[in-house]
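Below you'll find the structure, written out as structure tokens, and then a few comments.
The values are calculated or read from the model by the stated rules, or taken from the named source; none is laboratory data. Computed from a predicted model, the values in this text were never measured in an experiment. Note: ideal-geometry Cβ built from the backbone for every residue, glycine included; neighbour counts use all protein chains shown. Side chains are part of the model used for accessible areas, which takes the heavy atoms of the whole protein and leaves out ligands, DNA and RNA. Shrake-Rupley method; radii C 1.70, N 1.55, O 1.52, S 1.80 Å.
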Amino acid sequence: MERPGTTRAVPPRTVAAPGAAAVGAVAALLLLLLLLVVVRLPWAGDLGMHAATLQRLRHSLLDPGNPLVDADTPSPYYSPWTVLLGCVARVTGFSVFVVLRLGALVALGLLATGVWRYVRTLSARPAAPPLALLCLVLLWGTAQFGWSGFLGLTSLALTVSYPSVFALGLAFHLWAWLARAVRGSGERPAGWGVLAGLGVLWAVVLLVHQFSGIVASLGALAAVGAARAGWRVWGRLGTGLLVGAVVLWLWPYYDFYALLGAGDGMDAVHRSLYRDLFARYWLVLLGVAALGVRWRRDRRDTLVLFFLLGAVVFAAGGVSGHWSWGRVLPAALIPAQVAVALEVVEPGRRAVRAGWACVVAAALAVGAWGQAGTLAYVFDRETLPGAVAGKSPKPWPGYHWITPWVGYGDVVMARRLPARQIPAYGAYTVAPGYPDFFLPDEDARAAAVRTYFARDTAAGARRDILREYGVRWVVDRDAGLRGAEGLRAVARGPGGQVLYAVAH
């Protein structure tokens, strides 16, 4: 007899029902849409940061320096995953954008197989994994929302090439392996080597994407808490944690433990995660109801524990003003979304299951419409209905137009938005376009950029700034620096932007 809270073994032979085939076909179409997104690779958000990271690694694997500015500092973006992609770029000679597409294909495959394996530890029903994938991607809200580490369709369309997707794929595999490793019901627990290997995997997830690593940690804690593991397993789990901690300490590209002091500096960036919660996530309330049903069956259900851990940390961040803790919200969303899928397919009264199926189908349809703007990242906007095309912002045009003049390693003076894209092509900017915990003079660099572009700054002060940071080029709109001393316009780009050469 199986003990409550333990993971059920999957029968050796499971015949897929017609409903499972239909759900699987819809999930396959969703994955196909994301594959088409990979081909187009819409540019918004942090794509420039990740492309810049690969640019530095393809030129110097051992000492890449800061990815955005001309400074010799470490960076948390140099993770095991980006180092591997940097090796691919270096060996093949492919452009960083081609390598990002290849990485996105791997990450998407890892995520899909991870979801499948994790859900199979919770249910043997053939329809459970594809339905869980649909709920994870579509069961959100009706307000547009995109952020790395969040699995909504809008987020995935913009972040599929980011390390966060790869990290979440690894996290699902970690939970699946761990659930089997600590399984009770009289099975022999996993050996020391297996749990040590899981410790290494846990460390890799944390190194690849720290926020997804925290989500992975909470999911792992829930799996262990639900398993009712014996004392022998706890000792081996401790060994796995110790091995993972050593891997984090040994990683040579940045000091992982130094990031523990970076939270306060990241709070302002993440405050928006606590706004418009109902509009962004109201469909997930269906998952909260499903978790309530599971809690009545088993007070130590793994999905319930997972949800509670994520909800408590998220709420604590909101109460304390540590807005960066909002990145842990997927730890509450994922178990709720998976729980919905399981309630539809698990054995029970036929009328109850039919009711769940109807409600979930309607919720998925509403969620799909709310994120229909993703189609604009695949198809030409002119071919889509205005109601769909208007649901998503246009991708950024990029700065490929400066590459005939700006060489690798050149320093460009640019405002914040261009500074988030220009390093993707190999150049540096004076100030980073993103917060950089490891850059000691970040504030001074940002102040220099503000001073340079201020209208009342004297020509001599501008020359001093350009000389101090070794600036060779300036990018700004035509009206901003027209006629400025020491600048010569050499190229024009979208939106009235101009590339100026600096006369030295």
Listed highest first by mean packing, meaning other Cβ atoms within 10 Å per residue, what order do 27-37, 383-393 come in? 27-37, 383-393
Surface share of carbon and sulfur [accessible, 1.4 angstrom probe, percent] for segment 120-242: 68
How do 353-362, 167-176, 114-123, 60-69 rank on mean C-beta neighbours within 10 Å, highest first? 167-176, 114-123, 60-69, 353-362
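Find the relative contact order for segment 205-344 and round it to a whole percent, using C-alpha pairs within less than 8 Å whose residues are 6+ positions apart. Intermediate values should be presented prior to the final figure.
Details: 139 pairs, mean separation 46.5, N = 140.
33 percent.
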Taking Cα pairs under 8 Å and at least six residues apart, what relative contact order does segment 412-504 come out at, in percent? 25
Using Cα pairs closer than 8 Å and at least 6 residues apart in sequence, work out the relative contact order for the chain, in percent. 18
Based on alpha-carbon centroids, what's the gap between segment 426-452 and segment 145-167 in Å, whole number please? 26
In segment 432-504, the trypsin sites (Lys or Arg not before Pro) that fall in loop regions by DSSP, at most 13 other Cβ within 10 Å: Arg455, Arg482
Go ahead and run the numbers for FRET between Ala444 and Ala316, Cβ-Cβ distance against an R0 of 56 Å, rounding to 0.05. 0.95
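Specify whether the C-alpha gyration tensor of segment 121-280 places it in the rounded, prolate or oblate class, a ≥ b ≥ c being the square roots of the eigenvalues: rounded for a/c under 1.5, otherwise prolate if a/b is larger than b/c and oblate if not. Display every interim value, and only then the final one.
Details: a/c = 2.24, a/b = 1.26, b/c = 1.78.
Verdict is oblate for segment 121-280.
At 1.4 Å probe radius, can you tell me the per residue accessible area of segment 335-409 in Å²?
On the way: 3650 Å² over 75 residues.
Here the per-residue accessible area is 49 Å².
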Rounded if a/c is under 1.5, else prolate if a/b is larger than b/c, else oblate: which is segment 57-197, with a ≥ b ≥ c the root eigenvalues of its Cα gyration tensor? oblate
Please list, short to long, the whole-number percent of alpha-carbon pairs of segment 292-403 in consecutive 5 angstrom bins beginning at zero. 2, 10, 12, 12, 13, 14, 14, 11, 7, 3, 1, 1, 0
For all pairs of alpha-carbon atoms in the chain, what percent lies in each bin of width 10 Å, listed from the first bin to the last filled one? 4, 18, 27, 25, 15, 7, 3, 1, 0
